[in-house]
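Trainee: Let me give you the structure first, and then I'll get to my questions.
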Amino acid sequence: MRSLALLVALAALVALPFATTGYVVYLANLLLTFTVICLGMHLVLGEAGQFSLAQAAFYGIGIYTSGLSGAAFGWPFPCSVLAAGLVSAVVGLLIGGLALRMRDIYLALATFAFGEAMQWVLMDWTSVTGGPNGLHIAPARLFGLQLLTDKQAYPAVLVIAILMLGLAILLSRSRLGRAFRAVRESEVAAMAMGVPVKSTKLIAFALSAFFAGVGGGMFALYSTYIHPDSLGFQTTILVLTMVVVGGLGSIAGAVGGAIVFGLISELLRQTPSYQEVIYGLILIVFMMFAPKGLFAFLGESFGRLRRA
Amino acid sequence: MVDLLEIEAVSASYGRIQALSDVSLKLQEGAIVALLGGNGAGKTTTLNTISRLVPVTSGVIRFDGRAIERLPSHEVVRAGVSQAPEGREVFKDMSVRENLDLGAHVRRDRAGVRADLDKALDYFPALKERLRQKAGTLSGGEQQMLLIARALMARPRLLLLDEPSLGLSPLLVQKIFAIIARLHADGLSILLVEQNVAVALAVSSYAYILENGEIALEGRSEALRNDEAVKRTYLGG
């Protein structure tokens with residue numbers, strides 16, 4: 001049943017560019033990108049229980065690393081996407097150092113401050129980033145091949161998203177994933193079990209930054225123009241909302257939340273002035289009626305229906 | 001006979017509050033030693049200094065002849081000391097199985113871990129049917145069993161047990177202590193922290209009584225059971 005659903009979903013994803021318009025494929029690219037960023041948020045917040053409100057900054061670092069390295073060195077895109085992830089991960093490791101000294105709301109504020117500072121850097125380091133005017137980047141390439149349209153970029157975006165999903169699942173089932181959850185539930189008990197709490201937190205931060213950075217690299221595959229406007233706190237909150245609405249702590253929740261909420265967010269773009277209000281309302285409603293997230297809620301309701 | 005654990009003049013503090021001063025105790029391989037005393041006497045702190053969850057300000061802790069008071073906590077577990085912490089310190093949102101796996105977190109010998117899982121479930125058969133259940137949904141007694149089983153998964157040479165009787169019915173206390181006696185019979189060394197003095201003195205061979213972070217009294221458990229002062233203060237008559 002479950003594998004059948006997965007197969008259908010995969011078939012639909014493969015068939016998508018043949019059956020739809022460029023806009024739909026663009027939207028699919030964007031949703032897949034956000035899925036990867038949400039997987040990173042899932043690792044650091046959902047699994048390890050550490051607030052990281054700088055995911056948009058890591059995403060931005062990924063976008064610029066990928067765009068600039070592609071332009072400067074003419075790297076094939078798998079290299080620049082990987083570089084995007086790695087550079088973000090290194091910065092994430094540094095931010096993780098904060099996590100060792102703080103927790104909860106203080107950690108949230110510190111990472112938030114870093115995110116804002118990073119956006120400021122991207123905005124003002126005009127010689128490299130182009131500042132508020134943005135930057136035109138060369139299309140992604142692989143040997144002789146150039147990705148010029150959303151449809152051409154889509155297969156690469158899809159493959160990367162699937163690889164990252166696989167990586168997230170592997171991590172979650174690994175010894176490391178277990179250590180993440182132990183740290184989330186009780187640091188003292190985790191320590192008593194011999195989990196090295198400090199390095200575990202550092203790794204969680206670095207990994208979540210890696211995912212966000214790869215997300216940035218994915219974005220650079222189907223964009224020719226990048227600018228720092230959308231790399232601030234709003235985007236982090238969007239990612240946070242996706243993960244919470246989907247269901248904090250589950251991979252299905254992170255993926256589902258990214259897709260469902262990404263679609264809602266795209267629909268709301270027609271009415272920008274109400275956008276924030278509606279986000280807020282959705283978040284409040286979920287906190288009140290489905291605190292475990294959309295997918296847990298659907299699962300429970302379905303279970304009740306079946307029993308009734 | 002060599003002491004498996006030797007604590008020598010250990011002091012520890014939380015900020016400015018002195019929690020332990022000059023605590024010394026010994027435990028021989030294969031023994032159950034009880035650490036008794038009232039609330040806030042420093043029993044849990046003593047266990048936590050051994051596990052390196054609380055830093056020592058002075059003194060030496062030797063395990064099997066090796067100083068461990070500056071090791072990181074995971075090295076202490078690897079050296080063979082594991083703790084079943086007080087109260088409900090299970091990982092509530094994780095399954096019973098995952099809790100047990102976490103007990104073996106520092107180990108890499110998969111076959112050995114597998115064998116020890118069977119062994120732990122043999123001591124605590126009640127956990128066997130609950131492996132997939134979330135630990136938070138277990139009853140108080142089952143959570144206590146899980147804490148001990150989880151600590152056993154590290155294959156310790158020394159088990160630190162913190163208040164295994166806490167909040168349990170007399171029947172369950174009996175059950176848990178029967179298992180503790182079985183672990184002892186199978187050769188495990190145990191440092192037992194308890195408020196239930198009668199039960200602790202019955203199962204241990206030697207005991208220390210802490211008061212305000214200092215050792216106030218020590219002796220063979222048998223002798224302490226008949227000691228007038230101990231009877232008055234801890235055994236209710």
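Trainee: Using a 10 angstrom cutoff on alpha carbons, build the Gaussian network for chain B and name the most mobile of B:I209, B:I17, B:I32.
Mentor: Comparing B:I209, B:I17, B:I32 in the GNM, the peak value goes to B:I17.
Trainee: Specify the inter-centroid distance of the range A:11-68 and the range B:1-39, based on alpha-carbon positions, in whole Å.
Mentor: 53 Å
Trainee: Given the peptides A:226-235, B:132-141, A:80-89, arrange them by the average over their residues of other C-beta atoms within 10 Å, most packed first.
Mentor: Numbers: A:226-235: 18.9, B:132-141: 15.3, A:80-89: 25.6.
Per-residue mean Cβ counts within 10 Å order the peptides as A:80-89, A:226-235, B:132-141.
Trainee: Another question, if that's okay. Under Stokes-Einstein, with the Kirkwood radius over Cα pairs standing in for Rh, what whole-number D in µm²/s applies to chain B at 25 °C and 0.890 mPa s? All intermediate terms of the calculation are to be shown ahead of the outcome.
Mentor: Numbers: Rh = 18.0 Å.
Reported coefficient: 136 µm²/s.
Trainee: For A:K198, go through the lysines and keep the ones whose alpha-carbon is under 24 Å away, minus same-chain ones fewer than eight residues off.
Mentor: B:K92
Trainee: I want to check the label-to-label distance for B:D122 and A:I284. Put each point 7 Å from Cα in the C-beta direction and report it in nm to one decimal.
Mentor: Going by the 7 Å Cα→Cβ label model, 6.0 nm.
Trainee: Fewest first, what order do B:E194, B:E163 take by the number of other Cβ atoms within 10 Å?
Mentor: Details: B:E194 25, B:E163 22.
Ascending Cβ contact count within 10 Å gives the list B:E163, B:E194.
Trainee: Further, regarding this structure: Spin-label point model (7 Å from Cα, Cβ direction): what's the A:E300 to B:V60 distance in nm?
Mentor: 5.7 nm
Trainee: At q = 0.13, 0.19, 0.20 Å⁻¹, what log₁₀ I(q)/I(0) does the range B:90-154 have when each alpha carbon counts as one equal point scatterer in the Debye sum?
Mentor: Values returned for q = 0.13, 0.19, 0.20 Å⁻¹ are -0.28, -0.60, -0.66.
Trainee: If R0 is 35 Å, what FRET efficiency do you get for B:Q133 and A:T21 from their C-beta distance, rounded to 0.05? Kindly include the intermediate steps, with their values, before the conclusion.
Mentor: Numbers: r = 49 Å, r/R0 = 1.40.
Step by step, r from the Cβ atoms, then E = 0.10.
Trainee: Determine the equivalent ellipsoid of the range A:22-231 by diagonalising the alpha-carbon gyration tensor, then write out the semi-axes as square roots of 5 times the eigenvalues, largest first, rounded to whole Å. All intermediate terms of the calculation are to be shown ahead of the outcome.
Mentor: Details: eigenvalues 191, 75, 33 Å².
The equivalent ellipsoid of the range A:22-231 has semi-axes of 31, 19, 13 Å.
Trainee: Right, next: Taking the Cα centre of the range A:22-231 as the origin and placing charges on Cβ (Lys, Arg +1; Asp, Glu -1), which of A:I61, A:G194, A:L167 is farthest toward the positive end of the dipole?
Mentor: A:G194
Trainee: Next up: Roughly how many debye, to the nearest 20, is the charge dipole of the protein assembly as shown about its Cα centre, given +1 on each Lys and Arg Cβ, -1 on each Asp and Glu Cβ, and no other charges? Intermediate results must be reported in sequence, preceding the final value.
Mentor: Details: 46 positive and 40 negative charges, 260 e Å.
In debye, rounded to 20, the protein assembly as shown gives about 1260.
Trainee: So for each of A:174-180, A:267-273 I average, over its residues, the number of other beta carbons within 10 Å; can you give me the resulting order with the highest mean first? Let's see the in-between values first.
Mentor: Details: A:174-180: 19.4, A:267-273: 9.6.
Top to bottom by mean Cβ count within 10 Å: A:174-180, A:267-273.
Trainee: Now for a different question. Within the protein assembly as shown, what percent of beta bridges assigned by DSSP are antiparallel, to the nearest 5? Present the calculation step by step, with values, prior to reporting the outcome.
Mentor: Numbers: 26 of 45 bridges.
Beta bridges within the protein assembly as shown, antiparallel portion: roughly 60 percent.
Trainee: In addition: Where does each of A:2-11, A:159-168 land if you order them by average Cβ count within 10 Å, highest first? List each step's numbers first, then the result.
Mentor: On the way: A:2-11: 9.2, A:159-168: 17.6.
My ranking of the peptides, most packed first, is A:159-168, A:2-11.
Trainee: Follow-up question, since we're still on this one. Taking every residue in B:50-56, how many Cβ atoms of other protein chains lie within 10 Å of its Cβ, on average? Let's see the in-between values first.
Mentor: On the way: counts 0, 4, 2, 5, 1, 0, 0.
If you average over the peptide's residues, the count of other-chain Cβ atoms is 2.
Trainee: Something else: For B:K134, go through the aspartates and glutamates and keep the ones whose alpha-carbon is under 15 Å away, minus same-chain ones fewer than eight residues off.
Mentor: A:E185, B:E89, B:D93, B:E98, B:D101, B:E142
Trainee: A follow-up question, please. Taking the Cα centroid of the range A:253-282 and of the range B:112-160, what is the distance between the two, rounded to the nearest whole Å?
Mentor: 44 Å
Trainee: Treating the beta-carbon of each Lys and Arg as +1 and of each Asp and Glu as -1, no other charges, what is the dipole magnitude of chain B about its Cα centre, to the nearest 20 debye?
Mentor: Working: 29 positive and 29 negative charges, 158 e Å.
The calculated dipole for chain B is roughly 760 debye.
Trainee: Residues with amide H under 5 Å of B:L4's amide H, sequence separation 5 or more or different chain, H placed in the peptide plane at 1.01 Å from N; which?
Mentor: So B:L4 has HN proximity to B:L27, B:Q28, B:E29.
Trainee: Between B:V2 and B:D109, what FRET efficiency follows from the Cβ-Cβ distance if R0 is 30 Å, with the result rounded to 0.05? Could you put the intermediate results ahead of the total?
Mentor: Details: r = 26 Å, r/R0 = 0.86.
So the FRET efficiency works out to roughly 0.70.
Trainee: Can you compute the modelled spin-label distance between A:K292 and B:N212, with each label point 7 Å from Cα toward Cβ, in nm?
Mentor: Each label point is offset 7 Å from its Cα along the Cβ direction, giving 5.1 nm.
Trainee: In debye, nearest 20: dipole of the range B:90-154 around its Cα centre with unit charges on the Cβ of K, R (+) and D, E (-)? Display every interim value, and only then the final one.
Mentor: On the way: 12 positive and 9 negative charges, 30 e Å.
Here the size comes out at about 140 debye.
Trainee: Related question: Please state, rounded to one decimal and in Å, the Kirkwood hydrodynamic radius that the range A:81-181 gives when every pair of distinct Cα atoms enters the mean of 1/r.
Mentor: Working: mean 1/r = 0.0585 Å⁻¹.
Every distinct Cα pair counted, the radius reaches 17.1 Å.
Trainee: Further, regarding this structure: If you take the C-alpha gyration tensor of the protein assembly as shown, multiply each eigenvalue by 5 and take the square root, what semi-axes do you get, largest first, in whole Å?
Mentor: Values: eigenvalues 581, 124, 80 Å².
The equivalent ellipsoid of the protein assembly as shown has semi-axes of 54, 25, 20 Å.
Trainee: Pick out, from A:L298, A:Y106, A:G262, the residue whose Cα sits farthest towards the positive end of the charge dipole of chain A, with +1 on the Cβ of Lys and Arg and -1 on the Cβ of Asp and Glu.
Mentor: Final value for the positive-end residue is A:L298.
Trainee: What ³J(HN,Hα) values, in whole Hz, does the Karplus curve 6.51 cos²θ - 1.76 cosθ + 1.60 give for the range A:63-72 when θ = phi - 60°, with x put for Gly and Pro?
Mentor: Couplings: 4, 6, 4, 5, x, 6, 5, x, 6, 6 Hz.
Trainee: Further question: I'd like the distance separating the alpha-carbon centroids of the range A:98-138 and the range A:200-251, in whole Å.
Mentor: The distance from the Cα centre of the range A:98-138 to that of the range A:200-251 comes to 13 Å.
Trainee: Nearest 0.05, what FRET efficiency do A:V8 and A:I162 give at R0 = 22 Å with Cβ-Cβ as r? Display every interim value, and only then the final one.
Mentor: On the way: r = 15 Å, r/R0 = 0.69.
The pair A:V8/A:I162 has a calculated efficiency of 0.90.
Trainee: May I pose another question? Using a 10 Å cut-off on Cβ to Cβ distances, tally the other chain neighbours for every residue of A:177-189 and report the average as a whole number. Let's see the in-between values first.
Mentor: Values: counts 1, 7, 2, 0, 5, 7, 1, 3, 10, 6, 1, 7, 11.
Across A:177-189, the average partner-chain Cβ count within 10 Å equals 5.
Bear in mind these aren't lab numbers, they're just calculated from the coordinates by the rules spelled out. What you see is a predicted model, and the numbers here were worked out from it, not measured in a lab. Positions of Cβ are generated from backbone atoms using ideal geometry, with glycine treated the same way; all protein chains shown enter the neighbour counts.
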